Amino acid sequence: MSIDKELREELRQAADSMHCPPDLYGRVRQSYQHYVNEKRGRSPMKKHVLAGIAAIAILIPSAVFASSYLAHDIFGSSTTIEQHGVSQEEYQEIEGMLQTAKGKLTKDEFKEYMELTKQLVQLKLKITDENGVVHEEKLTKEEQQQFEQLASRLAPYFEKINGVAKP
């Protein structure tokens, strides 16, 4: 017999002759249960965190797309503006511009900006045909003055939105 086998046999016999106190078994069992419960407790928490992150990653972009368009407040709908020769891509550009304005203007400024823009667009829609051609001669003198006033009142907002406003 090799020395390894002899040593193993001697150690096994010595271990069989040893007697552990009964409370040691209880402490080992309790320690093992604590370890198992702790390990089990960590895993669901990680799953919940991962599920939360996944939900946020899905819900935020869908909420952005599901939110109402600012351009709807001005034009009514994309079909209304398409009747005046504006494509869906141009409509999305207008929406992007309005979103940029919302981010750069204060709440009160944006509210006034939207109201002025709505009035200006109504005048522009009145003089624009289905091909997108503007016929300024369709405006009356009062409407032309109103158009110019709206454009001049909107100019500071455009400067602030485009970042060329002077402090």
Report task. Return the distance in nm (one decimal) between the two label points of a simple spin-label model at K124 and E112, each offset 7 Å from Cα along Cα→Cβ. Result -> 2.1 nm
Report summary line: Residue separation between Q144 and A54 times 0.36 nm, minus their alpha-carbon distance, gives in nm 27.1 nm
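At a Förster distance of 22 Å, what's the computed FRET efficiency of K104 paired with A155, Cβ-Cβ distance as r, to 0.05?
Details: r = 15 Å, r/R0 = 0.68.
Once rounded, the FRET efficiency stands at 0.90.
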Query - Summed residue charge, Cβ within 15 Å of M18's Cβ, Lys/Arg positive, Asp/Glu negative - result: -1
Report task. Please give, to one decimal in nm, the separation of the simple spin-label points placed at D4 and Y32, each 7 Å out from Cα toward the Cβ. Result -> 2.8 nm
**Report entry** 11 Å beta-carbon shell around L139, net charge (K/R +1, D/E -1)
**Finding:** -1
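A short reminder: the numbers here are calculations on the coordinates, not readings from a lab. Fair warning: this is a prediction, and the values are worked out from it, not measured in the lab. A quick note on method: Cβ atoms are made from the backbone with ideal geometry, for glycine too, and the neighbour counts reach across all protein chains shown.
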